[in-house]
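A.B. asks: First the structure, then my questions, so here it is.
Nothing in this text is a laboratory measurement; each read-out follows from the coordinates by a stated rule. Bear in mind the structure is a predicted one, so any value in this text is a computation, not a measurement. Using ideal geometry, Cβ is built from the backbone for each residue, glycine included, and neighbour counts are taken over all protein chains shown.
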Amino acid sequence: MKDRKLLAEFSYDLKPVEKGYNRRTLYVNVGSKQIESKPVSQMMIDKFTGGKGFDLWLMWHGVKDDTRWNDPENEICIGFGPLCGNTSYPGSGKSIVTTISPLTGIPVDCNVGGHFGPYAKFAGWDAIEIQGKAEEEVIVFIDGDKGTVKILTAPDEDTNSHILAEELIKEFADSQDAHQFVSVVSSGRGAEHVPISCLNFSFWDKRRQVARLKQAGRGGTGMVFRDKKIKALVVKYSGLKGDSNHPEDLQTLQQTGLKLHREIEAGDSSQCHMREVGTAHLVEIMDDYDLLPIKNFKYGQDEASKGLASWEFKKLFTQNMPDGCWYGCSLSCCKAVDGFIPRTGPYKGQPVVVDGPEYETVGGCGSNLCIWDARDVVELNFYCDTYGIDTISFGTSCAFAMECYEYGIITKEITGGIDLSWGNADGVFELIHQMARGEGFGMVVGQGVRKMKEIFAREYGADPALLQDMGMEAKGLEYSQYMSKESLAQQGGYTLALKGPQHDEAWLIFMDMVNNHIPSFEDKAEALHYFPMFRTWFGLQGLCKLPWNDIEPANNAETDEPAKVPEHVANYVDIYTAITGKPLDKHELIRQSERVYNFQKVFCMRMGRGRRIDDVPPYRAVGPVTEEEYLSRQERYDSQLQSKQGIDPAGKSTAEKMALLRAYREDQYQQLIDAVYKRKGWTPEGVPTLEHLQNIGMDLPEVLEVVKRFL
C-alpha cells in the first residue's frame, strides 16, 4: 500500500448479515472526518425496505430545504437492499445511489451494478451515507475483512476511472490473486468540470485481468463526488459464500434461481441475445419501429442506422465470456471490447478494455448525432466512462448543440472553431476532451440542455420558445434515447418520472404504440401507476430489471398479463420471502414501492420542485417542432388530423396543420396527467393527498408537514 496519511479511522464489530439485513448504516463526513455507525430501526425496514428507501430516508435528515448540490450537507448515499448480493438469482448485485442533483436540484437515484454494493453490504452495512467536503483529496476505505473504515489522503493518483480503479484494486488487495475481493467507486476528470457526470463502480474481471466499470449514470452524481474531493471509495471483502445473505430458506432461493438460469439458457438466443450483444440488440428494433433517436429526436429511422446495428457491435464484443457484473448472473449482458485502441485524446494508441456500449449509449452517442461508425461510438463510450461523464446526458446535450449549429444559433466563432455538423465525430470528440480539461465550448455543452437554453437565448439572441420546444430535457435532466412522439403513455413515463426523463421508471412504448394494449386514459394511468411501482421495487431490493422482462418464460404470451411477466413477479415474491422470512404477495410488493415512491415525491416538493408545473415535456417529445419533421411523416400526421380530430387537412398549410396537431396533442397530454394523478392518489397539482399517504402507511409527521404546505 502506498504511504498515505491516515486522517481518521473507525473500528466496528464484524457480524453476519441476517435475513438480508445488517441493521446498521455507515456515516462518513469527509469534512469533519467523523465516522460512525447508525442503527437501522424496524420502522426503516417496515416503511422504507432498503436500497433507495434507506438512501432517501438518510438524505432527508441530512439536508435542509434549501440545500444545493454543492453545499457540504448534500449527501451521497449508496444503499444495497435485502436481496442484494445473493448469488442464486440473476441480477442481484445492484447498488442505488442518491444525491441532490446539480442538474435538477432534487433527489436523483441511479441503479448501478459492479461489486461495490454487495461487498459493502457483506462488510457490514445496509447503506453508506457520505457528507461534508474534504480539505484535500481523500479515499474512504472500508475493510470488511478487518472491520475498519479509514479516511486516507489521495494526492497523486490519476483521477480517470479506468486507471484509478485498477491501481486501487491492486493496492488494496491482499495479493495478486485477491484482486476480485476489492471494488472501487470513482469518477473522472470530466466530473470535476461539468454536471452531466456519473460515478463508476468497478468489478475485477479475472479472465481479462482488468477492472471493469458500471455507471451510476444520471443526474450529476460524479460532480457531487468530486466536489467533495473524494477520489474514491474502496471496499474489500473476501468472505463471499452462496449463503452470505443468511436467507431464511436457502433451498427455495436456489431453486427459484435455477429455474431462471434454465430459462436464460434456453431462451436468450431466440429472444434478446443479451449474452451476445447486451442491450445493443435494441438498435435495429427501435429503428424498425421509428423509435431510434436521430438528429436530436427529430426522426426515428435512417438507412444509415445499419452501421450501428447489434451485429456490428457483435463483431467488436468478445464472445463466449461470462460477462456478468455480479456473481451468479447468467444473463451475462455486460459485453466488452477488448484491446480497443482509441484514435483521439490522451489514450490515443493505447489498448484499453471498453464496457458496452449499451443501447442508450449507441442512441445518444451514435444515431442521435448521426455518427454511424460503431468504433467511434465505442471510443465515445470509453471516454465518457473514464472521464466520469453520463453517456445519455452527453449524447442528448451534444445533439441539442448540433441542432442549434444547424440553425445558425451557434457558429464556429462561438464554438471555438469546432464544426458541430451532424455526423462530425471529430467535433464531438473535441467536446468531450475539452470537458475533461475544463476548457472551451465543451464546458458549455457539459452544463446540459437546460443551461444551454438559457445561455443561447441570453447571449446569442435565440428564440426561447424554439429552444424550449427542441431542448430534450425535463426537470433539468436530459432525455434518454427513445422517441416518444407516437406514445402518449411514454410521454408520461418520461416526464412524470420523479428524477426526470429516464426510461427506468416506465418504458411503455410497445404496450402503448405497437400493441395498443392500453388505449384509454384510464388504461394508460393504470400502467403509469403499476410499472413505476414495480421498477421502484428493484431499487429497494438491490436488483437489476433486465432478468424481469428481457428474458421471458416460453409461455409468457399466453398469460393474462404478459407485459408484467407474472411468473417472474412470482419469482421475486418467492426470493424476497426466502431471504427475509417475511410473507409477501404481488400486491404488498407494489405497496412497498408506493411508500418510498411517494416519499421521494414529497422530498422533491420539499426541495422546491415536483408538482404539475414541473411535469411538462418539451414539445419535441410530443410532436413535430419543425416543418421538416412534419413533412417527414406527413401521411401519418395528415391521417391523424382526419381520424382523431375530424379535420380535413386538404388546402391547409403545413404551419396550420402543425398548429392544429399541437393543440390536440398537448391537450391529450394534459388529460393524461389528470388521469395519472388521480390514479396515483394525488391532487390535480400533483400533490399526494393526506388520505393516500395514510392509506399506504407513509403518513409520517415530517412528510405530512411538507405536504400541508401545498394543499
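A.B. asks: Using 0.36 nm per residue of separation minus the Cα-Cα distance, give me the extension gain between D648 and D585 in nm, one decimal.
C.D. replies: On the way: separation 63, 0.36 × 63 = 22.68 nm, distance 5.16 nm.
Length gained between D648 and D585: 17.5 nm.
A.B. asks: Whole-Hz Karplus ³J(HN,Hα) for region 112-128, in order, using 6.51 cos²θ - 1.76 cosθ + 1.60 and θ = phi - 60°, x for Gly and Pro?
C.D. replies: Taking θ as phi minus 60°, the curve returns 9, x, x, 8, 4, x, x, 5, 5, 5, 6, 6, x, 10, 8, 6, 10 Hz for region 112-128.
A.B. asks: Turning to a different aspect of this structure: Which entries of K94/K564; K121/K241; K298/K453; K231/K475; K33/K206 show an alpha-carbon separation above 24 angstrom in the structure shown?
C.D. replies: Values: K94/K564 21 Å; K121/K241 13 Å; K298/K453 18 Å; K231/K475 29 Å; K33/K206 35 Å.
K231/K475; K33/K206, as the Cα separations exceed 24 Å there.
A.B. asks: Taking 0.36 nm per residue of sequence separation and subtracting the Cα-Cα distance, how much length would be gained by fully extending the chain between E9 and D243, in nm to one decimal? Spell out each step's value before the answer.
C.D. replies: On the way: separation 234, 0.36 × 234 = 84.24 nm, distance 2.98 nm.
Working it through step by step, the gained length comes to 81.3 nm.
A.B. asks: Between E265 and D46, what is the label-point separation in nm under the 7 Å Cα-to-beta-carbon projection?
C.D. replies: 4.4 nm
A.B. asks: How large is the dipole of the chain about the Cα centre if only Lys and Arg carry +1 and Asp and Glu carry -1, each at its Cβ, rounded to the nearest 20 debye? Could the numbers behind the result be given before it?
C.D. replies: Working: 79 positive and 102 negative charges, 279 e Å.
Roughly 1340 debye, rounded to the nearest 20.
A.B. asks: Additional query: Counting Lys +1, Arg +1, Asp -1, Glu -1, what net charge surrounds E403 among other residues with beta carbon under 10 Å of its beta carbon?
C.D. replies: Numbers: positive: K295, K298, R620; negative: E406.
Taking every Cβ under 10 Å from that of E403, the sum is +2.
A.B. asks: Among Y89, Y299, rank each residue by its count of other Cβ atoms within 10 Å, from fewest to most, as a rough exposure measure.
C.D. replies: Y299, Y89
A.B. asks: For the pair E439 and H61, what calculated FRET efficiency results from E = 1/(1 + (r/R0)^6), where r is the Cβ-Cβ distance and R0 = 45 Å, to the nearest 0.05?
C.D. replies: Working: r = 39 Å, r/R0 = 0.87.
The computed FRET efficiency comes out at 0.70.
A.B. asks: Tell me the label-point distance for the pair D145, R636, using the 7 Å Cα-to-Cβ offset, in nm and rounded to one decimal.
C.D. replies: Taking the simple label geometry, D145 and R636 are separated by 5.7 nm.
A.B. asks: Calculate, for S421 and K348, the FRET efficiency according to 1/(1 + (r/R0)^6) with r their C-beta to C-beta distance and R0 25 Å; round to the nearest 0.05.
C.D. replies: Between S421 and K348 the formula returns 0.65.
A.B. asks: Then there's this: Which of rounded, prolate or oblate describes region 398-438 when judged by the alpha-carbon gyration tensor and an a/c cut-off of 1.5? Write out the running numbers ahead of the final one.
C.D. replies: Details: a/c = 1.95, a/b = 1.49, b/c = 1.31.
Judged from the Cα gyration tensor, region 398-438 comes out prolate (a/c at least 1.5, a/b above b/c).
A.B. asks: Taking H as built 1.01 Å from N, whose amide H comes closer than 5 Å to the amide H of K335, not counting residues under 5 places away?
C.D. replies: G356
A.B. asks: May I pose another question? Below 8 Å, C-alpha to C-alpha, sequence gap of six or more: please give me the relative contact order for the chain in percent. Walk me through the numbers on the way to the answer.
C.D. replies: Numbers: 1579 pairs, mean separation 102.3, N = 711.
In percent, rounded to a whole number, it is 14.
A.B. asks: Would you kindly derive the ³J(HN,Hα) couplings of region 455-468 from the backbone phi angles with the Karplus curve 6.51 cos²θ - 1.76 cosθ + 1.60 (θ = phi - 60°), listing them in order in whole Hz, with x for Gly and Pro?
C.D. replies: 5, 5, 6, 6, 9, 10, x, 5, 5, x, 5, 5, 4, 5
A.B. asks: Based on the alpha-carbon gyration tensor of region 6-236 and its eigenvalue square roots a ≥ b ≥ c, which shape applies: rounded if a/c is under 1.5, prolate if not and a/b is larger than b/c, or oblate? List each step's numbers first, then the result.
C.D. replies: On the way: a/c = 1.31, a/b = 1.03, b/c = 1.27.
Taking the square roots of the gyration eigenvalues as a ≥ b ≥ c, region 6-236 is rounded.
A.B. asks: Using the Karplus equation 6.51 cos²θ - 1.76 cosθ + 1.60 (θ = phi - 60°), what ³J(HN,Hα) coupling, rounded to whole Hz, does each residue of region 356-366 give in order, writing x for Gly and Pro?
C.D. replies: Result, rounded to whole Hz: x, x, 6, 4, 4, 5, 4, x, x, 9, x.
A.B. asks: How big is the chain along each principal axis, measuring the range of its Cα positions in Å and listing the largest first?
C.D. replies: Sorted largest first, the three principal extents are 79, 56, 53 Å.
A.B. asks: Please sort 55-62, 155-162, 365-372, 500-507 by packing, taking for each peptide the average over its residues of neighbouring beta carbons within 10 angstrom, highest first. All intermediate terms of the calculation are to be shown ahead of the outcome.
C.D. replies: Details: 55-62: 21.6, 155-162: 18.9, 365-372: 26.4, 500-507: 23.2.
Descending mean neighbour count gives 365-372, 500-507, 55-62, 155-162.
A.B. asks: Say R0 is 45 Å: what FRET efficiency, to the nearest 0.05, do S175 and Q251 get from their beta-carbon distance?
C.D. replies: Working: r = 35 Å, r/R0 = 0.77.
Here the calculated transfer efficiency is 0.85.
A.B. asks: What does the net charge come to around E263 if you take all other residues with beta carbon closer than 12 Å to its beta carbon, with K and R at +1 and D and E at -1?
C.D. replies: Computed value for this residue: -3.
A.B. asks: Please give the Cα centre distance for region 221-271 versus region 7-25, rounded to the nearest Å.
C.D. replies: Their Cα centres are 19 Å away from one another.
A.B. asks: Give the long-range amide H neighbours of L543: residues separated by 5 or more places, or on another chain, with amide H under 5 Å away, using H modelled in the peptide plane at 1.01 Å from N.
C.D. replies: Distant-sequence amide H within range of L543: K94.
A.B. asks: Near Y597, within a Cβ-to-Cβ distance under 11 Å, what is the net charge of the other residues, with Lys and Arg +1 and Asp and Glu -1? All intermediate terms of the calculation are to be shown ahead of the outcome.
C.D. replies: Working: positive: K52, R535, R591, R595, K601, K680; negative: D109, E505, E594.
Net charge in that neighbourhood comes out at +3.
A.B. asks: Test of understanding: what is the full-extension gain from D560 to R612, defined as 0.36 nm times their sequence separation minus their Cα-Cα distance? Before the final figure, lay out the partial values.
C.D. replies: Details: separation 52, 0.36 × 52 = 18.72 nm, distance 3.37 nm.
Result: 15.3 nm gained on full extension.
A.B. asks: Test of understanding: ordering T153, T495 by Cβ neighbours within 10 Å, fewest first, what list do you get?
C.D. replies: On the way: T153 17, T495 23.
With the fewest neighbours first, T153, T495 line up as T153, T495.
A.B. asks: Going by a ≥ b ≥ c, the root eigenvalues of the Cα gyration tensor, does region 268-478 fall in the rounded group (a/c under 1.5), the prolate group (a/b larger than b/c) or the oblate group?
C.D. replies: Working: a/c = 2.14, a/b = 1.60, b/c = 1.33.
Judged from the Cα gyration tensor, region 268-478 comes out prolate (a/c at least 1.5, a/b above b/c).
A.B. asks: Which cross-chain or sequence-distant (5 or more) residues have an amide H under 5 Å from the amide H of R24, H modelled 1.01 Å from N in plane?
C.D. replies: Here the answer is V40, D126, since their amide H atoms fall under 5 Å of that of R24.
A.B. asks: For each of H115, H246, count neighbouring Cβ atoms within 10 Å of the residue's Cβ, then give the residues from fewest to most.
C.D. replies: On the way: H115 29, H246 14.
By the 10 Å Cβ count, ascending: H246, H115.
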